[in-house]
1. So which of Val353, Val315, Val293, Val339 ends up being modelled with pLDDT under 95 and β-branched (Val, Ile, Thr)?
2. Of everything in the stretch 75-93, what is surrounded by fewer than 19 Cβ atoms within 10 Å (Cβ to Cβ) and in contact with a helix residue (DSSP H, G or I) (Cβ under 9 Å, 6 or more places away or on another chain)? Give them in sequence order.
3. For the structure I just gave you, tell me whether Ala340 is buried (at least 22 other Cβ atoms within 10 Å of the Cβ) and in contact (Cβ under 8 Å) with a residue 60 or more places away in the chain.
4. Testing Asp91 on (1) touching a Leu at 6+ places or on another chain (Cβ under 9 Å); (2) part of a loop (DSSP other than H, G, I, E, B); (3) in contact (Cβ under 8 Å) with a residue 24 or more places away in the chain, one condition comes back false. Which one is that?
5. Any residue in the stretch 423-451 that's over 24 Å from Ala139 (Cα atoms): show its pairings with residues that are assigned to a loop (DSSP other than H, G, I, E, B) and polar (S, T, N, Q) at Cβ separation under 7 Å, as long as the two are six or more apart or on different chains.
6. From the list Gly463, Gly453, Gly436, which one is among the small types (Gly, Ala, Ser) and surrounded by 20 or more Cβ atoms within 10 Å (Cβ to Cβ)?
7. Would you confirm, using the coordinates I've provided, whether Gly247 is modelled with pLDDT under 95 and within 14 Å of the chain's Cα centre (by Cα)?
8. With the requirement that a residue be among the hydrophobic types (A, V, I, L, M, F, W, C) and within 30 Å of Leu179 (Cα to Cα), what does the stretch 467-493 give you?
Amino acid sequence: MATTEVDISPETLAANKSNERVPDPCIIVIFGASGDLTKRKLLPALFHLEQSGLLPKEFAVVGVARRTLEDSFAKDMREGITEFGGVKDDDPKLNDFIARIDYFAMNFDDDSGYAKLREKLAGMDKKLGIKGNRLFYLATAPDYFGDIIERLGKCEMAKPSAGEGWIRIIIEKPFGHDLDSAKALNDEVNKVFDENQIFRIDHYLGKETVQNIMVFRFGNGIFEPVWNRNYIDHVQITAAESIGIEGRGPFYEKAGTLRDVVQNHVMELVSLVAMEPPVSFEAASVREEKVKVWKAIEPVLSTDTARGQYGPGTVDGKPVIGYREEDRVSPTSQTETYVALKLGIENWRWAGVPFYIRAGKRLAKRVTEITIQFKQPPLHLFNEQPAYCKVIEPNIISMRIQPDEGITLRFGAKTPGPNMNVCPVNMDFSYANAFGVSSANGYERLLLDAMLGDATLFAHRDGVEATWALMTPILERWANEPIPDLPNYEAGTWGPESADKLVAQDGHYWRHL
């Protein structure tokens, strides 16, 4: 295996640093701050920005939740930063950062609570010189989105006062559960906030390796010319998890894998692989090209779908229970924990190139990967292959999103000896080897962009509705077509047989990961 390493000089890193912008002074208000997301992801990400000098001096965080946590909230957040953010407890910047964390207890449907919150934020503005800049973050269950958004508008907290700065809102997924609910939620949000204030977040887009897809394609002259139907045979995208539902039975019973992972994370990956070059990396240009991809995808037929649900099995050498035995899950549940789809993109670049996607829980390993498989050249010159290399494997480009981030190029090479024998070899790029291991979780870039007002890596309502328009007919069909033999795959395997048949009908097979 050939491993490519990159030597990044201090001068290069310093030059990159000088191009970074520090946001305006602001207060981040996190609704649902008592949940795991704030402790495990958001506060560690914000502190990583502080360590890098990317937060303004006039900055504060206010956690909002229903529980009474005034005395323990900052302490809990400190523990989250050190435990989940890879930060040492004696970091010289940590004490000052924790001093800027506050807490406010209120019910999300209580008008008087919003009035008091407004007063609290106004007082912090005067004390810190923040000038009214606000970033609201909805980290609650989706059931509370409407209550919070409506009352932010009613209490005049959704638009900046005259002479003040900006107000923006980040909304966590899931953004709706089908096309109609997504449209209704979009309408509800747009009654209170302008579209340029709204940042619909998908943490996948904060991952360096996801953003690197665009650099790989559009920043290298050797790949883009062959990135089309003339050279590519098919594309595979895998989003596999070895864990189960982690105690989220009620949520997963309503969601399932198609809603939880495919409609958002996986469809974003599809768009980045398939989109045309944008005229710039500004939000409007990138979003426009992504929406074009989603609208070019043909309606997905029943024969181009597979779904499954895990039963008992073994993961990482340990026995695990099946989905129907999980806490607060129906013993007759039809919820899918595995999805495979075949997508066809009807445009000039991709016509006739199938995109196979699969996503699931309790699979053999945790891995998210995009595989581009190229067409085989004429191979009559190499008919006399030895037994150990009898089949000449096609060229592939494999982009690994997680956990071992990197890119592999597989090509054929002559084996040593007098005969013209071909065997596959890999050229491998590893993010960790080239740039070092990072403790970033993906939210750093997204939170920074939201504070800067850059919506490039956030979803627009047009994109949300375009992907739901694709997924909703599948969900409606499945609701009327129960699977009689669930569970149909064992935990610790790669999914049901029907997924293998889905790709086999085209003469393909899933890449071994």
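1. Val315
2. Hits for the stretch 75-93 are Lys75, Asp76, Glu79, Thr82, Glu83, Phe84, Gly86, Lys88, Asp89, Asp91, Lys93.
3. yes
4. Looking at each condition in turn, Asp91 falls short on (1).
5. Taking only residues 6 or more apart or on different chains, the pairs are Cys423/Thr415.
6. Gly463
7. no
8. Trp468, Ala469, Leu470, Met471, Ile474, Leu475, Trp478, Ala479, Ile483, Leu486
The values are calculated or read from the model by the stated rules, or taken from the named source; none is laboratory data. Just so it is clear, the model here is predicted, and its values are computed rather than measured. When we count neighbours, we look across all protein chains shown, and the Cβ atoms used for this are built from the backbone with ideal geometry, even at glycine.
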